[in-house]
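Inspection log for the structure reproduced underneath, given as structure tokens.
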Amino acid sequence: MAIGTPGAPAPTTAAAPDQTKKKIRRAVYAGGVGNFVEQFDYGLYGYMAPMLASSFFPGGNSAAAVMSTYAVLAVACVFRPLGGTLVGRWGDRVGRKKALLWTIILMGVSTALIGALPTYQQVGFLAPLLLVVIRTFQGMISGGEYVGAVAFIVEWAKPHQRAYYTSYASNSCFLGILGGAGVAALVSSVFEQPTLESWGWRIPFLAVLPLSLVGLWLRSRIEETPEFMRETEGGTKVVKAPVREALREQWRPILVFCGASIMLAILSYTWVTYYPEYLTSELGLSRSQALLSNLISVAVLMPLLPLAGKLSDRIGRKPMLITGAVACIVLVPLAFAIGNQGTFAAAVGSQLVYIIPEFFLTGIVTTCSAELFATRTRFSASAIAYNSSFSVFMGITPFVAALLVSQFGSIYAVWAYLAAAAVLALIVITVFMKETYRSELGANKFA
């Protein structure tokens, strides 16, 4: 065997895969940090809903005030398709990196502004109005953040490892939710209730601004995706009207993604935003117990998601999604039955059952949000699809769940809501969806 001399090609060839892997890891970090910031805010908003309700809405009816707080979240999410489309158009024209640099700093600023808003006691109805305006702006920016980060990671990933690497984008979201829950629990335990309701709740929202600056630094250090550069010839031949082209040429995968993803939005945001409130208000657990049970289930799911990604890279996207839809129908009522025993152990056990369908759906739906669409219009098409379905139902689910339980007096009404979406998803996935796990990224899968 010949021994290479210094400067020979062999060491360079050996080093190339390591360099590529390093770039992919950096792309995952850069993409995921924005997801973390977005979901930290979203989780924090959900967990702090009772404190926000007392600060921004009239007193007298605490249940109505909490539902009003959830309604603000729902209204903001209605505007996500518009914002996502605008950011997506920009990302297809100037590149993923430039768009994502702006989204993370704007999200950080808008979240910090919530922590600085005057209360209802100080300025009256101007307080909830300002909250709605800021949440709406934030929703518009967030509408482009997540899909852009996913496209960024998928376009950097190796073809046979796309779901594996994208699982870390999903994990960054759960890490953000975990962080939001942890900080909410910490603040709730450190401050007495009057102090917490007066000004203590502001601290976590203000802390998001330095987090976003860290994300800005990470994103500034990574290159544009090789897939985007290849398909646009170095950014010189981009689509002039990516939104129009996406709607004209990729309306089929847009509708398929919408039909397949609604169930995950309902599943996830019932779990991470409404269920802790249900455990507290309906089953009598303390707020710290409810949040801790949620933290435990999120922490258990996170290391499982890369395994789900590897499994999907081996067997495909459709088998995972079908299994997850069936699990939504069969296992979620079992989870609710366990939780209704009203103990802390039951709350933990119910959510450990609940995360089984999450295992099969979370990272796979995320991967499909990029794989279903052609590269030249991926940002725009995925923004339209994701925000027209997932984001809208993500925003309205806590409100709808609270309304259903209030009207029917049972958490199983929420399961019926989820089961209807799961049945729709089963039909769409089995009949209309094409397998994408071995497809080329550049082409339109439904042409």
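The values are calculated or read from the model by the stated rules, or taken from the named source; none is laboratory data. Remember, it's a predicted structure, so these values are computed and weren't measured experimentally. Ideal geometry is used to build each Cβ from the backbone, glycine not excepted, and the neighbour counts take in all protein chains shown. Just the protein is used for accessible areas: all its heavy atoms, side chains included, with ligands, DNA and RNA removed. Shrake-Rupley method; radii C 1.70, N 1.55, O 1.52, S 1.80 Å.
So the values come out like this:
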{"read-out": "Exposure of Asp41 as accessible area (Å², to 10), given a probe of 1.4 Å and all protein chains", "value": "10"}
{"read-out": "Flagged links, alpha-carbon separation over 22 Å, of Lys158/Lys310; Lys158/Lys318; Lys22/Lys240; Lys22/Lys97; Lys22/Lys310", "value": "Lys22/Lys240"}
{"read-out": "Separation of alpha-carbon centers, the stretch 389-408 and the stretch 103-151, rounded to whole Å", "value": "20"}
{"read-out": "Cα-centre dipole for the chain with unit charges at Cβ (Lys and Arg positive, Asp and Glu negative), debye to 20", "value": "1280"}
{"read-out": "Computed P(r) (all Cα pairs; the stretch 118-200; 5 Å bins; percent)", "value": "3, 12, 12, 14, 16, 15, 11, 8, 6, 3, 1, 0"}
{"read-out": "222 nm mean residue ellipticity, helices alone, for the chain (DSSP H n ≥ 4; -39,500 (n - 2.57); rounded to 500)", "value": "-25500 deg cm²/dmol"}
{"read-out": "The stretch 76-224 - Debye-derived log10 I(q)/I(0), Cα point model, q = 0.11, 0.16, 0.21 Å⁻¹", "value": "-0.51, -0.97, -1.39"}
{"read-out": "Sum of side-chain charges, Val405 neighbourhood, beta-carbon under 10 Å (Lys, Arg +1; Asp, Glu -1)", "value": "-2"}
{"read-out": "Stokes-Einstein translational diffusion, the stretch 295-405 - Kirkwood Rh over all Cα pairs, 1.306 mPa s, 10 °C, in µm²/s", "value": "102"}
{"read-out": "Share of Cα-Cα pairs in the stretch 342-447 lying beyond 22 Å, as whole percent", "value": "46"}
{"read-out": "Fully extended contour minus Cα-Cα distance, from Lys98 to Leu331, at 0.36 nm per residue", "value": "79.7 nm"}
{"read-out": "Accessible-area composition of the chain, carbon plus sulfur, in percent [1.4 Å probe]", "value": "68"}
{"read-out": "Whole-angstrom gap from the stretch 194-251 to the stretch 261-332, using each part's C-alpha centre", "value": "25"}
{"read-out": "FRET E, pair Ala64, Ser288, Förster distance 22 Å, beta-carbon r, rounded to 0.05", "value": "0.35"}
{"read-out": "Unit charges at the beta carbon, dipole of the chain: most positive-side option, Ala157, Ala185, Phe79", "value": "Ala157"}
{"read-out": "Dipole magnitude of the stretch 288-377 about its Cα centre (Cβ charges: Lys, Arg +1; Asp, Glu -1), debye to nearest 20", "value": "240"}
{"read-out": "Percentage relative contact order, the chain, counting C-alpha pairs under 8 Å, at least six apart", "value": "26"}
{"read-out": "Positive-pole candidate from Ile322, Ser297, Phe336, dipole of the stretch 237-355, charges at beta carbon", "value": "Ile322"}
{"read-out": "Heavy-atom accessible area per residue - the chain, 1.4 Å, Å²", "value": "39"}
{"read-out": "Descending Cα extents along the principal axes, the chain, whole Å", "value": "78, 50, 44"}
{"read-out": "Full-extension gain in nm, Thr236 to Gln161, via 0.36 nm per residue minus C-alpha separation", "value": "24.2 nm"}
{"read-out": "Highest-first arrangement of 234-243, 333-342, 370-379, 110-119, where packing means the average Cβ count within 10 Å", "value": "370-379, 110-119, 333-342, 234-243"}
{"read-out": "Gained length - Trp199 relative to Arg244, 0.36 nm times residue gap less alpha-carbon distance", "value": "11.6 nm"}
{"read-out": "Burial order of peptide ranges 137-145, 95-103 (average beta-carbon count within 10 Å, highest first)", "value": "137-145, 95-103"}
